[in-house]
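No value in this document is a laboratory result; all are computed from the given coordinates. None of these values were measured; they are calculated from a predicted model. Backbone-built Cβ (ideal geometry, glycine too); neighbour counts: all protein chains shown.
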């Protein structure tokens with residue numbers, strides 16, 4: 001079981017997810033309070049927390065809004081509620097406590113930050129608190145602050161809140177009716193890695209504004225060092241976007257951390273292949289094979305690289321080794337081995353390779369096509385045209401490859417046939433080959 005799955009299967013989550021929102025805190029000892037509550041108690045006696053009165057709560061927020069407006073910090077289109085959320089966004093202490101509708105995002109926050117302590121995820125049932133009704137113009141936003149209010153506005157204008165699936169609880173009340181899930185200290189790094197690799201939940205996806213990104217990279221947060229697996233995953237993402245140079249750089253970083261990663265060496269070979277740097281690709285494949293002699297994919301990739309360098313004997317040997325290790329994966333290896341034999345004018349061997357390919361996949365039009373070419377070169381015209389017919393029946397688009405072929409010897413052979421039915425059948429196939 002993955003480390004994230006371990007927490008997803010906690011009984012607290014199974015009792016009913018509808019209506020729940022989640023908050024993650026990286027230190028399990030921290031209480032569930034608003035930043036306003038902590039600021040209110042900042043200058044008070046440390047041995048006991050004090051609860052602000054309703055008037056103190058309202059006066060504080062009214063002054064905060066008024067001061068922000070007097071300094072022209074607000075955007076004119078923002079109402080008081082939106083302005084408070086904007087101030088919260090930039091670090092001001094307010095009566096909002098931010099949650100997420102996504103447990104995995106809360107799990108990220110519980111695992112990020114303090115790596116020396118366990119974390120905690122809070123689960124709050126929104127059905128147990130009063131929801132914010134839509135504010136009417138001139139309506140007092142603090143009228144119901146003696147209760148907890150659920151703020152679930154459309155936050156698409158705020159990238160960070162939107163990306164974090166953010167919602168808020170607002171009010172001059174403590175939040176007591178919550179469930180909690182403790183996050184073990186030793187699980188934090190594996191959780192962050194898995195959330196990034198599998199769910200694409202990380203700083204980049206959660207903090208889509210420069211202020212938020214700067215906050216998670218300030219002096220209070222430890223420097224996060226990526227693992228070899230994360231660099232390999234980053235390289236894979238670049239590779240699938242055809243960003244091969246970037247993929248190579250990521251794979252190199254993975255190899256620097258873990259020189260014995262045959263997967264990273266293999267993948268860097270694939271990237272070099274796509275850049276046409278076949279010598280470097282072969283070098284990478286050889287390193288992968290040295291680490292893991294049973295890496296059939298590395299042998300196959302090496303065979304292709306040798307083929308592209310016109311080193312056909314070496315290509316054949318590499319493909320043979322790939323097939324020896326993994327006979328079930330030999331379809332494409334047999335195909336390219338056949339091509340290499342063909343280029344060496346070893347047409348009988350090429351035919352045998354294509355027959356093997358067809359045994360694995362009887363619908364391989366390309367195998368029939370190239371087998372037809374090999375038969376043609378051996379002047380085995382009956383076998384050649386039978387193979388061609390099968391190829392173009394399976395995939396008529398292959399005809400385009402054959403328009404420039406010299407068909408005169410085959411046409412002569414057909415015209416000399418005594419079986420008129422066969423002759424007409426073969427002439428029809430030849431016409432398809434010549435004219436498309």
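Structure above, values below:
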{"item": "Extension reserve of the residue 117-residue 324 stretch, reckoned as 0.36 nm per residue once the Cα distance is removed", "result": "69.4 nm"}
{"item": "Modelled FRET efficiency - R0 56 Å, residue 102 with residue 256, Cβ distances, 0.05 increments", "result": "0.95"}
{"item": "Packing-based ranking, highest mean first, of 24-34, 309-319 given that Cβ atoms within 10 Å are counted", "result": "309-319, 24-34"}
{"item": "Relative exposure of 4, 332, judged by other C-beta atoms within 10 Å (fewest first)", "result": "332, 4"}
{"item": "Spacing of the two label points (7 Å from each Cα toward its C-beta) at residue 50 and residue 200, in nm", "result": "4.9"}
{"item": "Residue 225/residue 30 FRET efficiency (R0 30 Å; Cβ-Cβ; nearest 0.05)", "result": "0.75"}
{"item": "Calculated over region 228-397: convex hull of Cα atoms, volume per residue (Å³)", "result": "111"}
{"item": "Cβ-Cβ FRET estimate between residue 62 and residue 274, R0 fixed at 51 Å, reported to 0.05", "result": "0.25"}
{"item": "Label-to-label distance, nm, for residues given as residue 422 and residue 90 (7 Å Cα→Cβ offset)", "result": "8.9"}
